[in-house]
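Structure record follows, encoded as structure tokens.
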Amino acid sequence: MREVADTVKIRRFMNALAHTTTTPVQVYFTGGATAVLIGWRTSTIDVDIHLIPDDDRVLRGIPRLKDDLQINVELACPAHFIPELAGWQDRSAFIDKEGTLSFFHYDFYAQALAKIERGHSLDLADVDAMFQRGFIQAEPLMKHFEAIEGQIYRYPALDARAFRLAVENAISALTKTK
């Protein structure tokens with residue numbers, strides 16, 4: 001059984017992943033990895049990443065790194081679960097560069113909307129942490145939702161009305177605590 005990933009393990013993963021290729025690749029962290037690296041959580045079960053472009057050497061190296069570092073690594077990003085937000089790459093926060101790999105936090109607004117849609121208590125706590133730290137704001141969050149609302153039909157597992165209600169409720173909760 002693999003262990004939870006803390007900041008040290010995630011940083012080791014970043015360093016080791018950089019040694020798998022000489023191709024420039026952008027690696028986007030989402031979910032728990034973002035929470036851990038920024039510091040509002042001490043650990044995460046999975047290190048979720050998204051690669052641009054896909055690189056076979058990086059992808060082939062991941063199973064070995066999972067075993068060597070005893071961490072769970074998943075290829076996942078918000079756009080796998082909700083419609084992709086326009087301009088997400090421009091809003092993704094740079095973390096570090098290791099070798100030819102550039103590491104980023106996937107757009108906080110996309111992460112927040114995906115977490116709100118999922119609705120788990122830990123996800124909603126992450127959204128609150130993003131809001132409290134100034135990574136997201138209520139009005140732009142709603143605008144980003146409205147921009148993708150017409151594309152929700154492309155995700156059959158999503159209920160557009162329930163998603164909108166969840167976003168409205170989350171924004172209401174966020175603005176009451178500030």
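The values are calculated or read from the model by the stated rules, or taken from the named source; none is laboratory data. In this text, all values refer to a predicted model and were calculated from it rather than measured experimentally. In this analysis, Cβ positions are derived from the backbone assuming ideal geometry, glycine residues included, and neighbour counts consider all displayed protein chains. Accessible surface is based on the protein model in full, side chains and every heavy atom, while ligands, DNA and RNA are left aside. Shrake-Rupley method; radii C 1.70, N 1.55, O 1.52, S 1.80 Å.
Just wondering, is there one or more residues in the stretch 66-84 that are modelled with pLDDT of 95 or more, open to solvent by 70 Å² or more (accessible area, probe 1.4 Å) and in a loop (DSSP other than H, G, I, E, B)? Within the stretch 66-84, one or more residues are modelled with pLDDT of 95 or more, open to solvent by 70 Å² or more (accessible area, probe 1.4 Å) and in a loop (DSSP other than H, G, I, E, B). Residues of the stretch 85-101 that are crowded, with 16+ Cβ neighbours inside 10 Å, part of a strand (DSSP E or B) and over 15 Å from the mean Cα position of the chain (by Cα): Glu98, Leu101. Would the stretch 104-122 turn up any residue that is open to solvent by 30 Å² or more (accessible area, probe 1.4 Å), part of a helix (DSSP H, G or I) and of a type in the set (A, V, I, L, M)? Yes, the conditions are met somewhere in the stretch 104-122.
Restricting attention to the stretch 123-145, the residues being among the charged types (D, E, K, R) and either part of a loop (DSSP other than H, G, I, E, B) or within 21 Å of Thr7 (Cα to Cα) (or both) number 4.
Here Asn169 meets the list (1) open to solvent by 50 Å² or more (accessible area, probe 1.4 Å); (2) of a type outside the set (D, E, K, R); (3) in a helix (DSSP H, G or I); (4) closer than 16 Å to Ala33 by Cβ almost entirely, failing just condition (4).
Is at least one residue of the stretch 140-154 among the aromatic types (Phe, Trp, Tyr), under 15 Å from the mean Cα position of the chain (by Cα) and surrounded by 13 or more Cβ atoms within 10 Å (Cβ to Cβ)? The answer is no; no qualifying residue exists. Please work out which one of (1) open to solvent by less than 40 Å² (accessible area, probe 1.4 Å); (2) touching a Gly at 6+ places or on another chain (Cβ under 8 Å) is the condition Ile45 fails and give its number. All conditions pass for Ile45, except number (1). Among the residues making up the stretch 45-93, those that are within 25 Å of Asp6 (Cα to Cα), touching a His at 6+ places or on another chain (Cβ under 8 Å) and not small (Gly, Ala, Ser) are Leu75, Cys77.
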